[in-house]
1. Could you list, in sequence order, the residues of segment 54-81 that are part of a strand (DSSP E or B) and over 20 Å from Ala25 (Cβ atoms)?
2. Among the aliphatic types (A, V, I, L, M), under 22 Å from Gly32 (Cα atoms) and either within 9 Å of the ligand (Cβ to nearest atom) or assigned to a strand (DSSP E or B) (or both): which single residue out of Val51, Val46 fits that description?
3. From Val53, Val13, Val37, Val46, grab the single residue that is touching a Cys at 6+ places or on another chain (Cβ under 7 Å) and closer than 18 Å to Cys85 by Cα.
4. What number of residues within segment 87-107 satisfy the criterion of being out of contact with any helix residue (DSSP H, G or I) (no Cβ under 9 Å at 6 or more places or on another chain) and either aromatic (Phe, Trp, Tyr) or closer than 19 Å to Ser34 by Cα (or both)?
5. Taking segment 75-111 as the region of interest, how many residues are at pLDDT below 95 and farther than 15 Å from Asp17 by Cβ?
6. Please enumerate the residues belonging to segment 55-71 that are free of Cβ contacts under 8 Å to residues at least 60 places away in the same chain and within 19 Å of Lys4 (Cα to Cα).
7. Would you pick out the residues in segment 30-43 that are more than 13 Å from the ligand (Cβ to nearest atom) and of a type outside the set (D, E, K, R)?
Amino acid sequence: MSEKTSDRIKGIVEGADIVLFMKGAPAAPQCGFSAAVVKVLDGFGVTYESVNVLADPFIREGVKEFSNWPTFPQLYVKGEFVGGCDIVREMAASGEFAKLLADSGIGGVSA
Ligand SMILES: N[C@@H](CCC(=O)N[C@@H](CS)C(=O)NCC(=O)O)C(=O)O
């Protein structure tokens, strides 16, 4: 990955408290895994930035390398990689995701 792509991705993940790299947009996800993470985030009532990786092949491949994670969705909180759909859903079910949001000082409803 070029330094330019890496800097661009770093800027994106650090540009908002919560960033979701997904397929499609929250209002119209183009993959069930992305839709599932949107549902979790919306359930917590948090605001987040989303990036449609289908719109940019450089971002799509660059984010995989940046995160060292081969699939989408990919969720970042406070600039740190959290995981994909399975991890986020498990964290939501166990209460770990609510704790992560609270520890990160991110408000929302407790889902
Ligand atoms: N088990 C994965 C499922 C995600 C997944 O398999 N995503 C695929 C299909 S949407 C993917 O992103 N493949 C790579 C690509 O399309 O670039 C998770 O927990 O997020």
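1. Scanning segment 54-81 gives Glu80, Phe81.
2. Only one candidate passes the filter, namely Val51.
3. Of the residues listed, the single one that is touching a Cys at 6+ places or on another chain (Cβ under 7 Å) and closer than 18 Å to Cys85 by Cα is Val37.
4. Taking segment 87-107 and keeping what is out of contact with any helix residue (DSSP H, G or I) (no Cβ under 9 Å at 6 or more places or on another chain), we get 87, 93-95, 102-105.
Remaining after also requiring either aromatic (Phe, Trp, Tyr) or closer than 19 Å to Ser34 by Cα (or both): 87, 93.
Here the count works out to 2.
5. Number of matching residues: 3.
6. Residues of segment 55-71 that are free of Cβ contacts under 8 Å to residues at least 60 places away in the same chain, as a first pass: 55-60, 63-64, 67-71.
Residues satisfying the conditions are Ala55, Asp56, Pro57, Phe58, Ile59, Arg60, Val63, Lys64, Ser67, Asn68.
7. Residues satisfying the conditions are Leu41, Gly43.
So that you can scan it fast, the table gives a plain yes or no per residue for (1) touching a strand residue (DSSP E or B) at 6+ places or on another chain (Cβ under 6 Å); (2) closer than 25 Å to Gly105 by Cα; (3) among the charged types (D, E, K, R):
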| site | (1), (2), (3) |
| --- | --- |
| Ser2 | no, no, no |
| Ile9 | no, yes, no |
| Gly15 | no, yes, no |
| Val19 | yes, yes, no |
| Met22 | yes, yes, no |
| Gln30 | yes, no, no |
| Lys39 | no, yes, yes |
| Val51 | yes, yes, no |
| Asp56 | no, no, yes |
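The values are calculated or read from the model by the stated rules, or taken from the named source; none is laboratory data. Just so we're clear, the structure is a prediction, and the values are computed from it rather than from any experiment. For neighbour counting, all protein chains shown are included, and Cβ atoms are generated from backbone atoms with ideal geometry for every residue, glycine included.
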